[in-house]
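Q: A single structure is presented below for examination.
Read the figures in this text as sums done on the coordinates, not as results from a lab. Everything quoted here is computed from the prediction, not taken from an experiment. Note: ideal-geometry Cβ built from the backbone for every residue, glycine included; neighbour counts use all protein chains shown.
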Amino acid sequence: MGTRQSIPLVGILLALVTFVAMLLLDIDPIIATSALILWVGSLLLAAGRPPEPAPVVVKQTFNRDSMGNLIENSSTPLLVTEKNNIAIANRAARRMLGQHIIGQDARVAFRQPEAISLLGKNRNGQAIVRGLVRRQDIWQINRQAVDENLAVIELINQTAEADISRAHTDFVANASHELRTPLSAIIGYVETLSESGDSLDSPTSQKFLGTIEREALRLQSLISDLMSLSRVEAEKHDLPQQLIELSDLTERAVFDAAGSQREDRIELSLNADPRVKGDRQQLEQVVRNLVDNALKYGAVDTPVAVELDFARDGMARISVTDQGEGIAPEQLPHLTRRFYRTDPGRSRASGGTGLGLAIVKHIVERHRGRLNIDSDLGKGTRVVVRLPLAEPDEGHAVKVPQAADQDEKSDDWQDESPDLS
Ligand code: ATP
Ligand code: MG
């Protein structure tokens, strides 16, 4: 490839005319010739252009192997079909559907009417299929045609999104129901009072007013619990930063929860003074909710033991033990679900919202702690919260934890599930 140059003819002609003129004017021919050479040379140099880049020749190397390599490590299950037969399945797809699917007709591999209808029409589109791998699974199948024979099929797991959206719908339905019940009672009694005018005797109207007050207080505590829950959820990714001495906090919260009427049932043992990084108000709420449950569901006049010490794993441990009816093992995993009650009538009658343990669970999670509930039917319930200690350089040195002899039983319930409740 040569360098294309356009010769500046006009310039050269002018240089020649000047050269001839110089000779006619009797200027030294050596000077005239030098001037001509310089002039023409510089014109030619200026006319030179940079060479044009060589055109890039692309060699077509895209084949089945390279396509397979390209998608092999994607975490999304991907298939490439050729005339609806599965030609390539990446690792995620093979793990999900089995090695044997390669070579199979995609419609046979999926065996779902929605998928068969999408793949049969040989066009781009998507379908939602259920129970592809497990019964509750929901998958979105996207089909994108590459040409008239080849198509890429992408499988997207929608199960978690569906669970979250179902949990939100359930929550709204439950919350509305819980709010509507006391509200209906209030409206009913107010209507009766206003319609009956003076015809109601004083004790009856006092009784109605008492009910209205009780239901209004229930509404108030329901709203305050819902707000607590949403605040804790909103902050669940921020690690709390206050340095907290748990013994002072526990003592205060225990007696707050018991109040003067129930404080003689409390047996408090502060066996250690662990320091944790936490949110003071939220940790107080954990202790208050657990002590309130123990006093409420423990048998009348029986003691409620609250202990603070170190667990075997070195975490700070708060245990609340009552002597109540206990909780059936099959109910233990559901206790931290919002509005879950083992005995709805009894909980509502005592003004409970069914949100206490859900709030505890979220607060403990925010503090990177652990919640265990251990119950023996007919004997009682022990709820244990473990919290990680603050690092020794945060504040001042932490005492070397003395593991207490009694620890959580291995067969009790531990909250480790991702929260959708
Ligand atoms: P709230 O806490 O708002 O007053 P609540 O006590 O009904 O209402 P939670 O604290 O979330 O709600 O408890 C949920 C359910 O778990 C209770 O309704 C009760 O059935 C059961 N429960 C909780 N703690 C105990 C316990 N110590 N003994 C027996 N059952 C318990
Ligand atoms: Mg409670």
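Q: Please order ILE156, ILE186 by the number of other Cβ within 10 Å, starting at the fewest.
A: Exposure proxy ranking, most exposed first: ILE156, ILE186.
Q: Relative to the present Cα-Cα distance, how much length would full extension add between ASN174 and LEU14 at 0.36 nm per residue of separation?
A: Taking 0.36 nm per residue and subtracting the Cα distance, the gain is 47.8 nm.
Q: Work through the residues other than ALA258 whose Cβ is under 10 Å from its Cβ and net out their charges, Lys, Arg +1 and Asp, Glu -1.
A: Summing Lys/Arg as +1 and Asp/Glu as -1 gives -1.
Q: Expressed as a whole number of Å, what is the distance separating the alpha-carbon centroids of segment 60-93 and segment 163-197?
A: Segment 163-197 and segment 60-93 have Cα centres separated by 55 Å.
Q: Quick one: how many lysine pairs in the chain have C-alpha atoms under 15 angstrom apart, if they're 8 or more apart or on different chains?
A: For the chain, the number of qualifying lysine pairs is 4.
Q: Separate question: May I ask for the angle, rounded to the nearest 10°, between helix 246-262 and the longest principal axis of the chain, with both axes built from Cα atoms and the value confined to 0 to 90°?
A: 40
Q: Next question, about the same structure. Size of the dipole of the chain about the Cα centre, Lys and Arg at +1 and Asp and Glu at -1 on the beta carbon, nothing else charged, in debye to 20?
A: Here the size comes out at about 1940 debye.
Q: Compute the signed sum of charges (Lys and Arg +1, Asp and Glu -1) over the other residues within less than 15 Å, Cβ to Cβ, of LYS83.
A: Working: positive: ARG64, ARG107, LYS121, ARG123, ARG143; negative: GLU82, ASP105, ASP147, GLU148.
Cβ neighbours under 15 Å give a net charge of +1.
Q: Shifting gears a bit: Taking θ as phi - 60°, what are the ³J(HN,Hα) couplings along segment 280-289 by the Karplus curve (6.51, -1.76, 1.60), each to the nearest whole Hz, with x for Gly and Pro?
A: In residue order, the calculated couplings are 4, 4, 5, 5, 5, 5, 4, 5, 4, 5 Hz.
Q: Something else about it: Within 10 Å of each candidate Cβ there may be at most 15 other Cβ atoms; applying that plus a DSSP loop requirement, which GluC sites (Glu not before Pro) in segment 132-171 survive?
A: On the way: sites: GLU148, GLU154, GLU161; in loops: GLU148.
Those that pass, being in a loop and sparsely packed, are GLU148.
Q: I'd like to know how the chain sits against the 2.2 N^0.38 Å rule of thumb: what's its Cα Rg over that expected value?
A: The reported ratio for this selection is 1.84.
Q: Across segment 217-234, in residue order, what do the Karplus-derived ³J(HN,Hα) couplings come to in whole Hz, using 6.51 cos²θ - 1.76 cosθ + 1.60 with θ = phi - 60° and x for Gly and Pro?
A: Running phi through 6.51 cos²θ - 1.76 cosθ + 1.60 with θ = phi - 60° gives 5, 5, 4, 4, 6, 5, 5, 5, 5, 5, 5, 4, 4, 6, 5, 5, 5, 5 Hz.
Q: Determine the shape class of segment 321-385: with a ≥ b ≥ c the square roots of the Cα gyration tensor eigenvalues, call it rounded for a/c under 1.5, and otherwise prolate if a/b is greater than b/c, oblate otherwise.
A: oblate
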